[in-house]
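Below is one structure, written out as structure tokens, with a few remarks after it.
The values are calculated or read from the model by the stated rules, or taken from the named source; none is laboratory data. Since we're looking at a predicted model, the values are computed, not measured. Cβ atoms come from the backbone with ideal geometry, glycine included; neighbour counts cover every protein chain shown. For accessibility, only protein heavy atoms count, side chains too; no ligands or nucleic acids. Shrake-Rupley method; radii C 1.70, N 1.55, O 1.52, S 1.80 Å.
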Amino acid sequence: MRLRPPRRHLKNLVAEADQFRRRALFGFAVVLVALGGLAAWYFKLQVIEGEEYAQRAEANRIKPRPIVPGRGLIYDRKGRILADNVPAFRLDVVPDKAGDPKKLVAELGKIIALSPEDIAAFEKTRKATRSFRPVTLKLRISDDEAARFAVDRWRFPGVELVPYLNRRYPYGPLLAHVIGYVSRIDEKDLETMGETNAAYTHIGKTGIERYYEEVLRGRIGFERVETNVEGRAMRQMGVQPATPGADLRLSIDLDLQQAMVAAFGDLDGSAVAIDPRTGEILAMVSLPGYDPNLFVNGISHADYKSLIENPSRPLFNRNVLGGGPPGSTVKPLIGLAGLESGLRTPEFKVFSTGEFHIPGQRGRGWRDAHGGAGWTDLRKSIAASVNFYYYKLAYDMGIERFDSYMRQYGFGAPTGIDLVGERAGAVPSPQNKATYSKEPWYPGETVNAGIGQGSWVATTLQLVRGTAAIADGGLLRRPHLVAARRDGYQSPWLPLAQPEPVRISDNPANVRAVQEGMMGTMMPGGTGAAMARGASYAMAGKTGTAQKISRKGNVSFNPHLLPYHLRHQALFVGYAPAENPTIAVAVSVEHGGYGGTTAAPIARKIFDAWLLGKMPEPDPDAIPVAPPVVTAVTAAHAVAEPAR
Amino acid sequence: MNAILRWLSDLVARIVRTLDWPLCLALLALMVISLMVQYSAGNGSLRPVFAQGARFMVGGAAMWALSRLPAMRLRTWTPAIFALSMLPLVAVLFIGTGKHGHHWIDLKVFYFQPSELLKLSLPMMLAWYLHREPLPPRVHVVLIAGAMIALPTGLILLQPDFGTGMLVAVSGVFVLFLAGLSWWWIGAAAAGVAAAAPAAWFWWLKPYQKDRILTFLNPESDPLGTGWNIIQSKIAVGSGGWIGKGWGQGSQSRLDYLPEHTTDFIFAVLSEEFGWVGVAVVLSLYLFVIGRCLWIAAQARDTYSRVLAGALGLAMFVYVIVNGGMVSGLLPVVGVPMPLLSYGGTSAVSLLAGLGVVMAVRAHKPMHVR
């Protein structure tokens, strides 16, 4: 038995107090030294170097100013400029120097036309920016206005005419849905971009301009500029140059694009032409279009309203945002799925009676528009678009397998094109149905899916990709718009890397059979024969019609006699030349009636343009000037303001 | 008449008895300076002055109330206080608001920053834990104390608030230091921090925090963005000279060149307007406050009071050094307020409350000690 617990477990109060005093003293010594050191550091800044800092405070007129790099240019595949920058002047205000902003706007408004949009944008950015940073009040000052301002300049301290590069789209509506547009940076953009980037005034909002924003934008530089009392730049002190934005070369061919628009005439719709060997998009239109130039410096309310209220929805890119049932245009791919799954051989025949019944079910079945086609194999089923063949095929496959093959062929997922916000679309399946309906899946829906109807949603882009895959022997590629970039005018063009294509068929004979069926479409007896008449090259394709309303009873009717908005979507997919394809297209005409009568002729014109060089006359109003060589705007330019 | 006078003087004596007048005078001086600088930083507006004044009243009341509380009773309550202060720290992760994270809880009347509470409750908790153990602390005691520090610090870093997290951790470490933590531990911890720094850089710091550090190393690399603050603040400080440009005459602060000039950068305004003399006076006041805390701690008769009062004094030192260093370009910008000078409620109140605890230590010495 121990009388005392071990010593080290007892508190030794005297020792603790001593220990604390030593530590506290040490701590105080550290504090004393550190605060003394801090005081010495301040002494160095304030007393020893004070004079220098006082001068710098005085010289806070020497300010870093951003150097905004020129935005990268966009070319077509043959090197024609599709988006460039033109020098322009804007009016910047330094709120710190300019006094009461309300009075300023009122006074300036007397000599320069300020729209409500200009004033609203100015107010917004002004509140989000430090008061000594310039804020843009108006872009694209006219020569007249610049001259008038120059006379009255002395009355407006802190207001400056600043040169900048204004984005221009020489072809206007022709490429609106491909290139998109830039627009003024707003508060929200500023939050994500950070303060330094406020100097870029513009940012890509849609299309290529948005997808490649970071690439096109370049990197901001800055210079130290001495400003006078009014905040005007007087002298440059030092520069860190900006990195110009990269130029992009699209795979789009301007001539083909024009031919495509001309082929549509007055019709609304969309079309994509693609090089099946690479996935490069040769032309892509969504009609009607709009003029992207309207958006660059802030669109007026009137213009915007007319675009928004137009029932044809010109701002809507039908190729990537639109979509609906693909109709018969997916039959070649469904046929391929039949072969790949082993349920069919190319020679396998079904007897089309004109009406398909689910085994064990009685009553009315699924009809063929053209009545019974008799014995039908794969090739005939494509060429003559025999619904019966596909009703039975889909039924035999079952919806799960059907869905899985269609997904392999690229439906129900974005194609990965270099545009923002592409729609995924949908393939009919019980899982998909469960997301929008409480009803169970009916076998009849499987049958309906077999002819591209029902809850299918396919975009034109998905259709052209699938078609190109057949044309290219079973390789599914990523459709893309930008072929190459270069970092600066003197640099070489560097092709952009593309993902490896996905092989959708291991059996060339299967793909070949489908190809032959598509060639049959364009031959006498096929649904597209009229379109191919008189062509000097062979082509392959598939017509389609997507119903907007369902047929009631056994009534046959002429779709052209329906009210316009209820008319079917006319579709065509195809490629040419049939044996060595260099172009694949998908055409969708809204309210076009039958695919064979409206969509196919448009495709023929596109083929002719690409293969035979039959191009429409170029629009004389849309010829761009030589590219400006300006790569960046600096304050040095600002010193030399336009003379009166 | 005499009775009333006597009653009155008794009352006053009762009210002020527990206050430590040397400390109070120094704090009062700092508060007056704060209000003056807030006035000129606010470009002659009285609103921030009144708001800050109101906070000082609340903080002063808290200080007085705590100073009347016997330290022994505070000690008994400590675990409960610590537990209670952890609750809002967890809550802020879910319902908090803030620019770079969830720092504040919006109480409609004012914004409440729960992490500030820990600057007081964590040292209290550690002091409570250590006073029960023989000192210097043994290995397992140090490890448990380390866990006590890591828990709230980790939560604050989740917000994420690097500056406050660091300060809370440091205020805890000071308790251990004053309790006699072996120099070996201190050396090992310092080495550990140095080794962890590169890891923190790659996995832990947010891009904006890395920006701040990179810009600190080379402010000229981004003169339009983050570097701007450091450059302008340094110019403000340096241009103050010997005696400054005079109250309300600071061109840097008035012309809006200085960012956050009422909060984290208030010391730059003071430096510009009152020069090195002003800086020296304020630093001396802080030195006095810290020294007084340590002196009071040394007089205390129990471990709890001792290490707590000492740690609170040393914690204040860290704020002063970090803030003074960051506004003058000596240290990276980490968002640490200058005690009492900076505009902000929770910080001022928790600081004054902490000093109230120190005063309680001076006023109520336990009869029998453990």
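For chain A, complete DSSP H runs whose alpha carbons reach 18 Å or more along their own long axis and whose mean Kyte-Doolittle score is -0.5 or higher are A:13-43, A:508-521.
Given 0.36 nm per residue, what is the gain on full extension from A:R155 to A:S341 after removing their alpha carbon distance, in nm? Write out the running numbers ahead of the final one.
Working: separation 186, 0.36 × 186 = 66.96 nm, distance 8.06 nm.
Contour length minus the Cα-Cα distance gives 58.9 nm.
Phi-derived couplings, Karplus 6.51 cos²θ - 1.76 cosθ + 1.60 at θ = phi - 60°, listed residue by residue for the range A:77-87: 5, 9, x, 8, 6, 9, 8, 9, 10, 10, x Hz, with x used for Gly and Pro. How about A:K433: which lysines have a C-alpha closer than 29 Å to its C-alpha, ignoring those fewer than 8 places off in the same chain? Answer for A:K433, where 29 Å is the Cα cut-off: A:K331, A:K392, A:K542, A:K548, A:K552, listed by chain and number.
Rg/Rh for the range A:272-375 stands at 1.20; both radii use Cα atoms, and Rh follows the Kirkwood definition.
I need the shape label for the range A:480-535. Rule: rounded when a/c is under 1.5, else prolate if a/b > b/c, else oblate, with a, b, c from the alpha carbon gyration tensor. Oblate, since a/c reaches 1.5 and b/c is not below a/b.
Determine how large the accessible area of A:S491 is when every protein chain is in place; take a 1.4 Å probe and give Å² rounded to the nearest 10. Using a 1.4 Å probe on the heavy atoms, I get roughly 40 Å².
For the range A:380-457, carbon and sulfur atoms together expose 55% of the accessible surface, with a 1.4 angstrom probe and every protein chain in place. Spin-label pair B:M36-B:I186: with each label point 7 Å from Cα along the Cα-Cβ axis, the two points sit 3.7 nm from one another.
Using R₀ = 25 Å, calculate the FRET efficiency as 1/(1 + (r/R₀)^6) where r is the Cβ-Cβ separation of B:R17 and B:L84; round to 0.05. Working shown, then result.
On the way: r = 28 Å, r/R0 = 1.14.
Here the calculated transfer efficiency is 0.30.
Using 0.36 nm per residue and subtracting the Cα-Cα separation, the extra length available between A:I308 and A:K124 on full extension is 63.9 nm.
Measuring with a 1.4 angstrom probe and ignoring ligands and nucleic acids, A:T353 comes out at about 90 Å² accessible. Ranked from largest to smallest solvent-accessible area, with a 1.4 Å probe on the protein heavy atoms, A:F26, B:F112, A:F149, B:F162 come out as A:F26, B:F162, B:F112, A:F149.
The label-point distance for B:K365 and A:S142, in a model that sets each label 7 Å from Cα toward Cβ, rounds to 8.9 nm.
Summed over both chains, the accessible area lost when B and A associate is about 4800 Å², using a 1.4 Å probe. Rolling a 1.4 Å probe over the heavy atoms of the protein chains gives the protein assembly as shown an accessible area of 44 Å² per residue.
Loop-located GluC sites (Glu not before Pro) in the range A:301-408 (DSSP state other than H, G, I, E, B) with a sparse environment of at most 16 neighbouring Cβ atoms within 10 Å: A:E347.
Suppose only helical runs count, i.e. DSSP H with n ≥ 4. What mean residue ellipticity at 222 nm does that imply for the protein assembly as shown under -39500 (n - 2.57) per run, divided by all residues and rounded to the nearest 500 deg cm²/dmol? Write down the numbers at each step before the final one.
Values: 38 runs with 482 residues, N = 1014.
About -15000 deg cm²/dmol.
First obtain the Kirkwood hydrodynamic radius of the range B:298-346 from its Cα pairs, then insert it into the Stokes-Einstein equation at 25 °C and 0.890 mPa s, and state the resulting D in µm² per second as a whole number. If you can, show how the numbers build up before the last one.
On the way: Rh = 12.3 Å.
D, rounded to a whole number, is 199 µm²/s.
Among the trypsin sites (Lys or Arg not before Pro) within the range B:1-47, not one is in coil by DSSP while having at most 16 neighbouring Cβ atoms inside 10 Å.
Residues of the range B:14-40 with an amide N closer than 11 Å to a point placed 7 Å from the Cα of B:V277 along the Cα-to-Cβ direction: none.
Taking every pair of distinct Cα atoms and averaging 1/r, then inverting, what Kirkwood hydrodynamic radius in Å comes out for chain B?
So the Kirkwood estimate lands at 21.6 Å.
Within the straight-line cut-off of under 16 Å between alpha carbons, the lysines reachable from A:K614 are A:K605, sequence neighbours fewer than 8 places apart in one chain being disregarded.
Most simply put, the protein assembly as shown has about 95% antiparallel DSSP beta bridges, counting only bridges with both residues inside it.
In the range B:1-147, the portion of solvent-accessible area held by carbon and sulfur atoms comes to 73 percent [1.4 Å probe, whole percent, DNA, RNA and ligands not counted].
Among B:L118, B:L107, B:L331, determine the one that fluctuates most according to a GNM of chain B built with springs between C-alpha atoms less than 10 Å apart. Highest fluctuation of the listed residues: B:L107.
Any aspartates and glutamates with Cα under 16 Å of the A:K44 Cα? List them, leaving off those in the same chain fewer than 8 positions away. Result set, ordered by chain and number: A:E52, B:E272.
Ranking A:T435, A:T521, A:T243 from most to least accessible surface, computed with a 1.4 Å probe over the protein chains only, gives A:T435, A:T243, A:T521.
Among the listed pairs A:K63/A:K138; A:K188/B:K210; A:K103/A:K188; A:K127/A:K188; A:K124/B:K206, a Cα-Cα separation exceeding 21 Å is found for A:K63/A:K138; A:K188/B:K210; A:K103/A:K188; A:K124/B:K206. Evaluated at q = 0.14, 0.15, 0.22 Å⁻¹, the base-10 log of the normalised Debye intensity for the range A:216-351, with identical point scatterers placed on the Cα atoms, takes the values -0.95, -1.00, -1.36.
Of the whole protein surface, A:T345 contributes about 70 Å² of accessible area at a 1.4 Å probe radius. Would you work out if the range B:12-73 is rounded, prolate or oblate? Take a ≥ b ≥ c from the square roots of the eigenvalues of the alpha-carbon gyration tensor; rounded if a/c is under 1.5, else prolate when a/b is larger than b/c, oblate otherwise. Note, shape of the range B:12-73 comes out prolate.
Remark: accessible surface ordering of A:S429, A:S115, A:S536 (largest first) is A:S536, A:S115, A:S429, probe radius 1.4 Å.
What FRET efficiency do you get for A:L611 and A:N507 if R0 is 22 Å and r is their Cβ-Cβ distance, rounded to the nearest 0.05? Approximately 0.15, to the nearest 0.05. The label point for B:F110 and the one for A:K188, both projected 7 Å from the Cα toward the Cβ, are 3.6 nm apart. Taking every alpha-carbon pair in the range B:250-363 and binning the separations at 10 Å intervals from zero gives 14, 41, 29, 13, 3, 0 percent. Taking the inverse of the mean reciprocal distance over all distinct Cα pairs, the Kirkwood hydrodynamic radius of the protein assembly as shown comes to 34.6 Å. Stretching the chain fully between A:T435 and A:E400 yields a gain of 11.0 nm (0.36 nm per residue, less the alpha carbon separation).
How would the range B:11-163 be classified by its alpha-carbon gyration tensor: rounded, prolate or oblate, with rounded meaning a/c under 1.5 and the a/b versus b/c comparison settling the rest? The shape class here is oblate. At q = 0.11, 0.20 Å⁻¹ the log10 of I(q)/I(0) for the range A:428-526 amounts to -0.59, -1.11, computed by Debye summation with a single uniform scatterer per C-alpha, solvent ignored.
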